[in-house]
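These notes concern the structure reproduced below.
The values are calculated or read from the model by the stated rules, or taken from the named source; none is laboratory data. Everything quoted here is computed from the prediction, not taken from an experiment. Backbone-built Cβ (ideal geometry, glycine too); neighbour counts: all protein chains shown. In case anyone asks, the SASA skips ligands and DNA or RNA and just uses the protein heavy atoms, side chains included. Shrake-Rupley method; radii C 1.70, N 1.55, O 1.52, S 1.80 Å.
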There are 2 protein chains.
Amino acid sequence: MNTLAEENYLKAIYHLTVNDGNAGTNSIASSLNTKASSVTDMLKKLADKALINYIPYQGVSLTASGQKVALGIIRRHRLWEYFLVEKLNFKWDEVHDLAEEMEHISSQQLIDRLDQFMGYPKHDPHGEPIPDCDGYFNHDELKLVSAAAINQTGVISGVCDHSPSFLQYLDKQELKIGSRITVTDIIDYDHSVTLQLNNKKIHISCEVANNILIANE
Amino acid sequence: MNTLAEENYLKAIYHLTVNDGNAGTNSIASSLNTKASSVTDMLKKLADKALINYIPYQGVSLTASGQKVALGIIRRHRLWEYFLVEKLNFKWDEVHDLAEEMEHISSQQLIDRLDQFMGYPKHDPHGEPIPDCDGYFNHDELKLVSAAAINQTGVISGVCDHSPSFLQYLDKQELKIGSRITVTDIIDYDHSVTLQLNNKKIHISCEVANNILIANE
DNA sequence: TGAAATTTTTAGATTAGTCTAAATTATTTA
DNA sequence: TAAATAATTTAGACTAATCTAAAAATTTCA
């Protein structure tokens, strides 16, 4: 099996490459709060284990087996988040760091039984899809609120920022996963957005609109 | 906080000293599958942190704060074992190694909510008492089957050996926690024991009788 | 296109935990 | 009670993961 440090590197590389395919040493270092020289050392180890494709000075990508490992970690992380929120009544802004610890318990049987116990949830509390035991998941067609047009309606289905302060702000505004909202106005000057939520008008900044995902209707 | 290795040492020292008060370097080494020299190194670290009383060549005992840490680990271990058996349908012979990993997730809040979620169980699946959040637990008055007299009746309330092979043997004999048994015969020659369980007579070896605990009626 | 800036790697050191082999202390027993 | 035996500690080395500082490669852009 892989060490804790190796798992954290694989997960970071997965998140950095899922959109643009290739990650650099510095971006990995900053996402793991470590130094570039430490990253270089680890990249060699991961390459020796055939978990990444690594060409010095050219960045890295995950191999098929590295991606499988990374998706396993992400599956565990999201299932534990779901467990913490749905079974132990944690709030969605409290579970990230805990799940970060729990995701490293590697028993496949444990995770599959946990999945069954919870009824095979499809999404974690932040709307992220949960990979199944083979690493597959539907990539939902979501759109940023900041990219929506006036009068567009949608259901909040995900958030990009998982920081407690952002999630607590959403709680205060009663913006949650599953809420149906309509974009009623977009201010040219600062790109801030006015939303209709039930009977309420809510005005959010461009930055906030940039971190909320809605499903098209 | 303490490292994983430190936690494992504290737990081992707790188990070795709970009856006889003092543990030697070699006994710690063999219970952790490591070498005496490694133990000596770690004992110095734990003594520096005031978690153990250590006098070179004289063995060790836990300090009050070391005991508190150890009981916290044991609480987590036993609660996870209960969770695995009662919620995820693992068998009692399958949970030890998994709980050994899970016990190192240190969030107090997680454990207290897990405890609440399960209804504050008093015993793990092997009958071991679960310390409360302050480290307290009732030390049940139990007796070994091997120490019982003929005609004595009791309820199986614990097992000393937690190995899968022993627990699977008990399953096969339908001897489980909660079963009421009566000692009907004790063979002088080999100290083996005959039990009455419901309508069934069961003959067990001295070794087995030495690992089953019953509560006096 | 070639110097400046940026990114990445290398070299050498550090820490936690472990090991083997040798030395030391404690215990047993003749 | 002194030698033999057993238990424990010390000395020195190793691995994984990290760091700082310096060197090398790549990219940028004037």
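Take B:S106 and decide whether it is away from DNA strand D (no atom under 16 Å from the Cβ), out of contact with any helix residue (DSSP H, G or I) (no Cβ under 7 Å at 6 or more places or on another chain) and not in a helix (DSSP H, G or I).
Against the criterion (away from DNA strand D (no atom under 16 Å from the Cβ), out of contact with any helix residue (DSSP H, G or I) (no Cβ under 7 Å at 6 or more places or on another chain) and not in a helix (DSSP H, G or I)), B:S106 qualifies.
Pick out the one residue from B:N151, B:N216, B:N138 that is within 30 Å of B:A64 (Cβ to Cβ), in contact with a strand residue (DSSP E or B) (Cβ under 8 Å, 6 or more places away or on another chain) and exposed (fewer than 15 other Cβ atoms within 10 Å of the Cβ).
So the residue among B:N151, B:N216, B:N138 that is within 30 Å of B:A64 (Cβ to Cβ), in contact with a strand residue (DSSP E or B) (Cβ under 8 Å, 6 or more places away or on another chain) and exposed (fewer than 15 other Cβ atoms within 10 Å of the Cβ) is B:N138.
Answer yes if at least one residue in the stretch B:66-80 is within 15 Å of DNA strand C (Cβ to nearest atom), modelled with pLDDT of 95 or more, closer than 20 Å to B:D20 by Cα and open to solvent by 20 Å² or more (accessible area, probe 1.4 Å), and no otherwise.
yes
Mind counting the residues in the stretch B:109-135 that are in contact with a strand residue (DSSP E or B) (Cβ under 7 Å, 6 or more places away or on another chain) and in a loop (DSSP other than H, G, I, E, B)?
5
Please go through the stretch A:56-81 and give me each residue that is within 14 Å of chain B (Cβ to nearest Cβ) and either within 13 Å of the chain's Cα centre (by Cα) or within 16 Å of DNA strand D (Cβ to nearest atom) (or both), ordered by number.
Within the stretch A:56-81, A:R76, A:H77, A:L79, A:E81 qualify.
Being open to solvent by 40 Å² or more (accessible area, probe 1.4 Å) and in contact with a strand residue (DSSP E or B) (Cβ under 8 Å, 6 or more places away or on another chain) narrows it down to one residue among B:N26, B:N53, B:N89; which is it?
B:N53
Within the stretch A:29-47, which residues are of a type in the set (G, A, S), buried (at least 17 other Cβ atoms within 10 Å of the Cβ) and more than 8 Å from DNA strand C (Cβ to nearest atom)?
Hits for the stretch A:29-47 are A:S31, A:A47.
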